[in-house]
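Structure, as structure tokens:
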Amino acid sequence: MGTATTAPTLPLKVALVTANGSDSAAGTEATGGSYARKNLTVGAAASGATSNSADLVWSGMPAGTFVGVEIWDSAGTPVRLWYGALAASRTVLAGDEIKITAGSLSFALQ
């Protein structure tokens, strides 16, 4: 009757990508500068949807154009749970900041 499922290992992490992934492959994650995945906190779901409950801020970014985000768990071998394109790509210079304000990163079950 299918495969057993397990809950993701918390905390969930948000990654920025320079090339979006697909259902079968992860995107190209940012590297360099002070970039690191950020912990994700979400509010209670309503009608199958939720969003980030706190700002996500990456400072000291490497130069590049960032086109999407991916959500990963924190397992020893992390599992990618969600991915998606940003509404508008963000081009930054080395040392710049990228900020996703609370409520701007939303997730919905369809």
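Tell me whether region 22-110 comes out rounded, prolate or oblate; compute the Cα gyration tensor, take square roots of the eigenvalues as a ≥ b ≥ c, and use a/c under 1.5 as the rounded threshold. Prolate.
Computed from the C-beta positions of Arg80 and Ala46, the FRET efficiency with R₀ = 30 Å rounds to 0.75. Taking 0.36 nm per residue of sequence separation and removing the Cα-Cα distance, the Glu29/Ala87 pair yields an extension gain of 19.1 nm. Between Ala4 and Thr101, the FRET efficiency estimated from the beta carbon spacing at R0 = 41 angstrom works out to 0.65. If I take every Cα pair under 8 Å that is 6 or more residues apart in region 1-105, average their sequence separation and divide by the length, what percent do I get for the relative contact order? So the answer I get is 31 percent.
Surface exposure of the chain, expressed per residue as accessible area with a 1.4 Å probe, stands at 60 Å².
Calculate what fraction, in whole %, of the accessible area of the chain sits on carbon and sulfur atoms when a 1.4 Å probe is rolled over the protein chains. C and S atoms contribute 54 percent here.
The values are calculated or read from the model by the stated rules, or taken from the named source; none is laboratory data. Please read all numbers here as calculations on a predicted model, not as lab measurements. Virtual Cβ from ideal backbone geometry, glycine too; neighbours counted across all protein chains shown. Remember, those area values only see protein heavy atoms, side chains included, never the ligands or the DNA or RNA. Shrake-Rupley method; radii C 1.70, N 1.55, O 1.52, S 1.80 Å.
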